[in-house]
Every structure is written in structure tokens, then in C-alpha cells.
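**Q** Just passing along the structure, written as C-alpha cells.
The values are calculated or read from the model by the stated rules, or taken from the named source; none is laboratory data. Source: prediction; values computed, not measured. Cβ atoms come from the backbone with ideal geometry, glycine included; neighbour counts cover every protein chain shown. We work out accessible area using only protein heavy atoms, side chains counted, and drop any ligands, DNA or RNA first. Shrake-Rupley method; radii C 1.70, N 1.55, O 1.52, S 1.80 Å.
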Amino acid sequence: MAEAELSPRARQARAEETRAAIIEAALRLFRETGYEATTMRAIAREAGVSTGNAYYYFGSKEELIREFYAGNQAEHEAASRPILDREARFAARLRGTLRAQIDVMGPYHAFAAKFFKHAAEPTNPLSPFSPESSAARDASIGLFRRVVDGSADRIDGELRAKLPELLWLYSLGVVLYWVHDTSPGCTKTYELIDRTVPLVDRLVWMGRLPVLRSTLIEILALVDDLRPTRDDAG
């Protein structure tokens, strides 16, 4: 059936199928041939569409990666929802959310290792700190805000406001470890989560102690001062 003969709903469904096919083809080629070697022309050929059609949906490979980020984040939120609905203690909520993140990312482990060197460049649009990645970054920080806000544990007010972003930074460290983890099933990454979450929980608890109040304020001020800015990202 010609495109013009389709109903608006059918056209929308076909467009979503085409987008999904392009994303799937891109991820497959990124895994098989590497990010740098993969061209938009090759992605279009793999997806069974014209190069012009591929560019109609995605203006560049970077846009495809950002679409992957968005989809991955949506999957992470969905996987974390049962944990956040069930658990009330901060440590359990954080541990479950971090483990869910690795579960969701698991199928892309080899792919992540190939393109991470680009994401690690501060001026690269694929960097988690770049302006182009702001939507995925904000969504991830928002998820960790739900981890904090839904916790039954008492958390210092100033720390509570900053904690979601600090937990996001912590999660980036976990992901970096996961990228280089060669253990079967990335078991060492899960072990890292299980062993460091109690430490984070203890630090959050200690933040309520008056004797550590000044130290906590200094740490939060340091994080604010060192936060990357749009100018830093170029």
C-alpha cells in the first residue's frame, strides 16, 4: 500500500518501525565493525532503507547513540520501578537500582567497550557531561532522586538536595568498571555494587551527625565548584 493511502495511525506505526529498524541496525554495526568505521550509508543499507531516509530520522551517528541512551534509560526506569515500589530503606533502593542498571545494559557490554573511548572525551557529544546528553543525564538524575525521595531513612536536608546528582556520578563509576569487567556475567561489577552501597549508606547516615556537619558542607561545596559547565564542555 502506498504511503499516501495509509491512515495517520498506520503512517505513525510505519515510521516507528523504520526508526526501530535503523537503531537496531546501527547498534549491530557498532558492535561488529566499531563506531568509527560505521557510516550512515552502511546503517541505512543494513536497515533496508535509503540513506536519505536514514538521515530523515537521524541526522548523525551521535543522534542514534542519544536515542540508544534514551531507550536504555527508559528500560532502566522500568526495571527499577518494582524495586522502588517494594523497598523503603535507602540502601536497598540504591542497590536494586544500580543492579537493575547493569542488568539492562548487559546485552550491550561488548558494544559499550568499543564506543566508551568516545564517550570519555570531554568535548565529545557522546560524553555524559555534554550539553547534547542533557536529556538522558537529567532523566538518570531524576531516577536517583526517586531513590532518595522515596526512602524512609532520615537524610540531612542539604545532602538530600545534592544526593541524586552524587549518586548519578557514583553510577558512572560503576558503569566505567562494568565496561572493563571481563568476569563471567560481569559478576565483579555486581560485587562492586553490593560492597560499596553499604559504604554510601553509612556516609549518608553519618551526614546527620552534628560533628560531621561542617565536613559535609565542605564536600557539597566542592562538588558544586567542580561540576562541569557548558563552557567546560566546549
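**Q** Given the options 138, 224, 181, which has the most mean-square fluctuation in a GNM of the chain, springs set between C-alpha atoms less than 10 angstrom apart?
**A** 224
**Q** May I ask you to list the trypsin sites (Lys or Arg not before Pro) in segment 116-170 that are in a DSSP loop and have at most 12 other Cβ atoms within 10 Å of their Cβ? Can you show the working numbers first?
**A** Values: sites: 117, 137, 145, 146, 154, 160, 162; in loops: 154.
Taking segment 116-170 and a limit of 12 other Cβ atoms within 10 Å, the loop trypsin sites (Lys or Arg not before Pro) found are 154.
**Q** Could I ask something else about it? Of 35, 56, 177, which is the most mobile in a GNM of the chain whose springs link Cα atoms less than 10 angstrom apart?
**A** 56
**Q** Of (1) 20.9; (2) 19.8; (3) 18.4, which is the value of Kirkwood radius over Cα pairs in Å derived from the coordinates here?
**A** Label (2) holds the value from this structure.
**Q** Using helices alone, I'd like the mean residue ellipticity at 222 nm for the chain: each DSSP H run of four-plus residues gives -39500 (n - 2.57), total over residue count, nearest 500. Don't skip to the end; give the middle numbers.
**A** Working: 10 runs with 167 residues, N = 234.
Estimated from H runs of four or more residues: -24000 deg cm²/dmol.
**Q** I would also like to ask the following. May I ask you to derive the FRET efficiency for residue 149 and residue 195 from their Cβ-Cβ distance with R0 = 35 Å, giving the value to the nearest 0.05?
**A** Details: r = 25 Å, r/R0 = 0.72.
Calculated value: 0.90.
**Q** Run the numbers for residue 79 and residue 33: contour at 0.36 nm per residue of separation, minus the present Cα-Cα distance, in nm. Walk me through the numbers before you get to the answer.
**A** On the way: separation 46, 0.36 × 46 = 16.56 nm, distance 2.98 nm.
Computed gain between residue 79 and residue 33 is 13.6 nm.
**Q** Would any residue of segment 39-64 have its amide N under 18 Å from a label point 7 Å out along Cα→Cβ of residue 14? List them or say none.
**A** 47-58
**Q** Heavy atoms only, probe 1.4 Å: what % of the accessible area of segment 41-96 goes to carbon and sulfur, would you let me know?
**A** Values: 1320 of 2920 Å².
Whole-percent figure for carbon plus sulfur exposure: 45.
**Q** Now for a separate question. Against the longest principal axis of the chain, how steep is helix 61-86, in degrees 0 to 90 to the nearest 10, with axes from Cα atoms?
**A** 50 degrees
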